[in-house]
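Undergrad: Submitted below is the structure of interest, expressed as structure tokens.
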Amino acid sequence: MLLSLNLSGNSFVVNANSSLLQIPYSVKELELSFSSVIGHLQKSMLANCPSLEYANLAFNNITGFLPENLFLHIDKLKYLDLSYNNVSGTISEFVCKFRSIDMDEKSMKRVEGFAELSVVAVAITGSRKTKHVITWALDKFVPEGVVYFKLLHVRTLVSIIPTPMGNFIPISQVRDDVAAAYKKEMEWQAAEKLLPYKRMCSQRKVQVEIAQIESDDVVAAITGDIQKHRISTLVIGASSRSIFSRARTLSSNIAERCPPFCTVYAVSKGKLSSIRPADSETNQSFRDDSSDTSSVNSSTNTWCSRTDRTDQGSFAHFRSASLPMQRFQALSTFNLPLLHSRTPSSGVVDPKSPCLEAQASNATNLFSNDLDVSQASSFTSSVAENSLLQHASTSETSTKDQDDVNFELEKLRIELRHIREMYAMAQGEAIDASRKRTCFVVHFPALVQLNELQKRHLEEEIHLKLELLKEEEAKELARLEKKRYEDASREAEIVKECAKREAMERKEAEIQVSRQTKEKENLESILNGNFYQYRQYTWEEIISSTSSFSEDLKIGMGAYGTVYKCSFQHTTAAVKVLHAKEGSRVKQFEQELKILSKIRHPHLLILLGACPEQSCLVYEFMENGSLEDRLFRKDKTPPLLRFDRVRIAWEVASALVFLHNSKPRAIIHRDLKPANILLDRNYVSKIGDVGLSTMVSEDSLLVSTAYKDTAPVGTLCYIDPEYQRTGIVCPKSDVYAFGMVVLQLLTAKPAIALAHKVENAVEDDRLLEVLDPECGTWPIEEAKGLALIALKCTELRRRDRPDLQDEVLPVLEKLKDVAERARDKTLVSAPPPPKHFICPILKEVMSDPCVAADGYTYERRAIEAWLTEKDTSPITELSLPHKHLIRSFALLSAIMEWKQT
């Protein structure tokens with residue numbers, strides 16, 4: 001395994017892919033000398049030498065580049081002696097790298113060349129003033145060629161650590177991992193704080209290193225780092241607000257305690273405040289110590305005289321080192337002058353160089369005086385023996401320790417061997433010099449031509465690179481132009497789309513403005529009384545919606561017309577077709593239609609539209625039919641509860657009050673009865689046929705008083721006796737009919753002589769006997785109060801009847817509130833009905849359950865209404881084989897039993 005390597009090369013060419021300069025892996029001691037080399041030295045030359053400890057390197061006349069990251073493994077490096085002269089390229093990073101190595105006192109490093117790398121240290125705090133200090137330093141030293149800055153930042157020693165409670169505890173009382181984490185966090189925060197200043201240096205193409213020093217003594221920390229790394233220039237801030245210049249004494253202390261070889265600049269507000277120059281003698285001595293090899297390189301004496309001038313004392317402090325170390329030092333001591341004697345100070349080989357001629361002449365004279373190899377060998381041996389005896393005697397007299405004697409003997413043997421090797425080398429070099437001189441003279445024209453060819457090749461290579469660069473620039477310009485064209489096209493498309501969108505938005509805005517204008521005109525027409533809020537249907541639409549007035553869709557028929565169930569645009573409605581179509585009635589129908597179209601009340605049937613040509617009115621459809629059907633339980637529907645009956649009485653009264661108070665003329669219904677009071681799916685009541693009796697009457701409605709002289713119209717038992725006798729109708733005519741409706745709500749009996757029966761029952765305290773038992777148990781006071789109100793409304797004379805708004809409606813509202821509270825209590829206490837009692841269509845308890853062809857049970861009226869429009873199952877949505885319904889008596893019995901409990 002190779003441990004030590006001495007490699008010397010002169011006048012050779014290095015190829016890019018050559019592996020000649022790959023140092024073996026196991027080498028620990030390396031002496032390397034290259035001279036007159038053409039080509040680039042590979043940066044991986046020493047990449048595979050992790051065990052390298054001793055290195056003596058010399059580079060001279062390198063026509064190529066010496067890579068900056070020449071060394072990759074420096075962990076075990078103990079000795080470095082580097083000499084370089086006339087090298088193309090820079091090794092500043094390489095030198096900085098090895099200046100930063102902290103070798104122990106037994107190690108040595110020496111770097112020589114044309115110029116030492118200058119390092120400028122800047123003391124920073126991270127405050128706002130630091131920026132001015134760094135800016136001044138960059139403006140001062142970068143133009144002078146300084147490309148390496150070291151930023152010094154002193155942090156206070158961490159002695160306490162904060163707690164989440166806001167307190168502080170000594171660092172000695174916390175765990176090591178907690179303390180390490182806190183210190184790392186503080187270091188990271190400081191690095192983040194100093195990052196902008198590092199960017200300032202990087203922008204000026206300056207290599208920068210940030211050194212964070214943890215110390216409580218700022219002056220000692222800074223001066224110690226300057227002394228340790230031998231930094232010759234220091235810049236500090238003199239501002240009073242900076243940690244370094246809070247007072248003048250701090251900057252003065254730093255300047256006073258800095259090593260004498262360091263120049264200290266104090267900067268205040270971006271300007272130089274003071275300067276403490278370095279001691280020239282100390283600085284010069286420091287420079288001289290670092291340039292011993294350069295002085296040796298400049299010598300032109302023989303190798304013997306240069307050997308005598310070598311600083312043998314520079315290795316005195318290595319006596320305690322190991323034997324391999326001493327061997328390597330001895331090798332370096334004797335080989336280094338020989339290296340430098342072979343490397344001229346100029347990087348160009350001149351055939352007429354006096355140095356080259358002198359060396360050739362000396363070599364010729366040396367070997368022309370009949371001095372053969374044996375004589376030279378004996379001469380060398382005698383010199384070595386004398387030297388050996390002298391050193392041995394000195395060693396024996398200087399120490400009595402046997403180990404030291406052995407060490408000195410070993411050293412002298414090494415020196416003797418190297419003297420012989422150097423003599424042989426000098427002899428070979430003299431012969432080589434003579435041969436080279438002869439060869440050079442012979443081949444000088446070829447060398448000149450070769451030089452011209454190389455120069456022309458280099459120019460062509462540069463020209464080719466320039467052409468390639470121009471081609472790349474042209475391609476890049478074309479790519480940019482293409483991208484610019486694509487961007488312009490894309491922007492044009494975007495502008496086009498925006499213009500198109502704006503046109504559409506403008507058109508939509510115009511349509512919206514037109515619509516809003518029409519709506520505004522409609523509203524103005526409504527305010528002016530010239531707009532009628534109903535839709536005009538054509539006769540064809542009426543016929544189509546009623547399936548040509550199918551008997552299956554007929555809801556009912558009265559004295560003035562027939563009512564059909566119909567559907568307009570998926571909306572279920574009821575259309576009433578009047579029987580009479582005389583000219584006077586048509587005119588009166590249109591007049592009443594204008595009035596009814598403007599009436600809106602929650603408990604008045606809504607007029608959806610009309611067909612004036614055929615005297616048809618379209619109303620909203622009420623699912624639960626009329627109040628008369630529910631009171632008398634048509635189709636065996638469930639009875640109305642007493643709570644609903646009181647609420648219906650109040651709703652009818654509020655609707656009548658609205659009609660009587662309408663402006664500019666009061667509207668009198670004249671045909672109020674349970675058959676004209678309709679119920680929706682939630683049993684909310686609405687009065688229908690409003691004004692219809694007046695419409696079909698023979699007299700005009702255009703009167704300015706609340707009385708009207710007409711022929712008696714309406715239904716027997718609900719007509720006001722005075723109106724029937726005199727033919728004069730007024731709002732209290734509707735009060736009489738309202739009283740009869742309330743009596744029927746209480747008793748669920750026909751209207752004939754009903755007032756007389758209830759009056760006798762009240763007088764005889766037999767009111768509970770005439771009340772409807774199926775609506776639930778009536779509280780006697782509530783039922784009696786409602787009966788007395790109804791009896792007052794059915795007085796024979798109008799003046800004896802109460803006012804509907806001031807007397808009847810407040811009482812009914814109180815009774816309604818009482819009934820609703822009772823209803824809420826009943827609903828809370830009553831258990832929910834079983835799910836199989838609920839109709840899947842109506843979502844309520846069934847009163848007449850029937851089984852359809854799909855096997856499910858429905859409310860009869862609900863499933864019949866469903867089957868009139870569809871032939872599929874409401875649940876499975878599958879086609880039904882037939883539409884026959886079978887009544888479920890067992891389920892009906894269970895429902896009735898549940899209701900009673």
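Undergrad: For region 173-213, name all the residues that are of a type in the set (K, R), more than 25 Å from P162 (Cα to Cα) and not in a helix (DSSP H, G or I).
TA: Those that are of a type in the set (K, R), more than 25 Å from P162 (Cα to Cα) and not in a helix (DSSP H, G or I): R204, K205.
Undergrad: Failed condition for F738, given (1) buried (at least 21 other Cβ atoms within 10 Å of the Cβ); (2) farther than 27 Å from I719 by Cα; (3) not polar (S, T, N, Q), with all others met?
TA: (2)
Undergrad: From L608, L640, grab the single residue that is at pLDDT below 90, among the aliphatic types (A, V, I, L, M) and assigned to a loop (DSSP other than H, G, I, E, B).
TA: Exactly one residue qualifies, and that residue is L640.
Undergrad: Residue by residue through region 149-172, note down the ones that are assigned to a strand (DSSP E or B) and crowded, with 16+ Cβ neighbours inside 10 Å.
TA: Within region 149-172, F149, K150, L151, L152, H153, V154, R155, I161 meet the criteria.
Per-residue answers, yes or no, for (1) assigned to a helix (DSSP H, G or I); (2) modelled with pLDDT of 85 or more; (3) out of contact with any helix residue (DSSP H, G or I) (no Cβ under 8 Å at 6 or more places or on another chain); (4) within 30 Å of S33 (Cβ to Cβ):
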| position | (1), (2), (3), (4) |
| --- | --- |
| M425 | yes, no, no, yes |
| A433 | yes, no, no, yes |
| C439 | yes, no, yes, yes |
| L469 | yes, yes, yes, no |
| E472 | yes, yes, yes, no |
| E476 | yes, yes, yes, no |
| Y485 | yes, yes, yes, no |
| K496 | yes, yes, yes, no |
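Undergrad: Can V851 be described as in the same structural domain as L641 (by TED's automatic domain parsing) and either more than 60 Å from the chain's Cα centre (by Cα) or over 22 Å from E623 (Cβ atoms) (or both)?
TA: no
Undergrad: What single numbered condition from (1) out of contact with any strand residue (DSSP E or B) (no Cβ under 6 Å at 6 or more places or on another chain); (2) at pLDDT 85 or above fails to hold for V264?
TA: (1)
Undergrad: Can you report the number of residues in region 173-194 which are within 19 Å of V133 (Cα to Cα) and surrounded by 12 or more Cβ atoms within 10 Å (Cβ to Cβ)?
TA: Of the residues in that region, 4 qualify.
Undergrad: Shifting gears a bit: Can you name the residue in region 573-605 that is among the β-branched types (V, I, T) and modelled with pLDDT of 80 or more and is also surrounded by the most Cβ atoms within 10 Å (Cβ to Cβ) among such residues?
TA: Here the answer is V575.
Undergrad: If you don't mind, another one. From the list F65, F71, F114, F98, pick out the single residue that is under 30 Å from D217 (Cα atoms), at pLDDT below 70 and either in the same structural domain as C262 (by TED's automatic domain parsing) or among the aromatic types (F, W, Y) (or both).
TA: None of the others qualify; the one that does is F98.
Undergrad: In region 632-646, which residue that is of a type outside the set (V, I, T) and surrounded by 23 or more Cβ atoms within 10 Å (Cβ to Cβ) is farthest from G785 (Cα to Cα)?
TA: L640
Undergrad: Check E429, E452 and return the single one that is more than 17 Å from S11 (Cβ to Cβ) and either modelled with pLDDT of 90 or more or part of a helix (DSSP H, G or I) (or both).
TA: E452
Undergrad: Answer with yes or no whether T571 is assigned by TED's automatic domain parsing to the domain that holds L593 and touching a Gly at 6+ places or on another chain (Cβ under 9 Å).
TA: When the stated conditions are applied, T571 does not pass them.
Undergrad: Another question about this same structure. Going residue by residue through region 878-890, is there one that turns out to be β-branched (V, I, T), at pLDDT below 90 and either outside any helix (DSSP H, G or I) or within 60 Å of the chain's Cα centre (by Cα) (or both)?
TA: no
Undergrad: Is at least one residue of region 617-629 over 30 Å from I838 (Cα atoms) and surrounded by 19 or more Cβ atoms within 10 Å (Cβ to Cβ)?
TA: Taking every residue of region 617-629 in turn, at least one turns out to be over 30 Å from I838 (Cα atoms) and surrounded by 19 or more Cβ atoms within 10 Å (Cβ to Cβ).
Undergrad: Among residues belonging to region 793-811 that are touching a Lys or Arg at 6+ places or on another chain (Cβ under 9 Å) and buried (at least 16 other Cβ atoms within 10 Å of the Cβ), point out the one that is farthest from L656 (Cα to Cα).
TA: The residue in question is E795.
Undergrad: Among what's in region 710-722 and is at pLDDT 85 or above and in contact with a strand residue (DSSP E or B) (Cβ under 8 Å, 6 or more places away or on another chain), pick the residue that is surrounded by the most Cβ atoms within 10 Å (Cβ to Cβ).
TA: Top of the filtered list is D720.
Undergrad: Would it be correct to say that A862 is assigned by TED's automatic domain parsing to the domain that holds A649 and surrounded by 13 or more Cβ atoms within 10 Å (Cβ to Cβ)?
TA: In short, no.
Undergrad: Take P674 and tell me if it is at pLDDT below 90 and either under 21 Å from R801 (Cα atoms) or among the small types (G, A, S) (or both).
TA: Considered against the rule, which asks whether it is at pLDDT below 90 and either under 21 Å from R801 (Cα atoms) or among the small types (G, A, S) (or both), P674 comes out as no.
Undergrad: What pairs come out if I take residues in region 842-865 that are assigned to a strand (DSSP E or B) and pair them with residues that are basic (K, R) and surrounded by fewer than 18 Cβ atoms within 10 Å (Cβ to Cβ) whose C-beta lies under 6 Å away, six or more apart or interchain?
TA: C850/R887
The values are calculated or read from the model by the stated rules, or taken from the named source; none is laboratory data. What you see is a predicted model, and the numbers here were worked out from it, not measured in a lab. We place every Cβ from the backbone using ideal geometry, glycine too, and count neighbours over all the protein chains shown.
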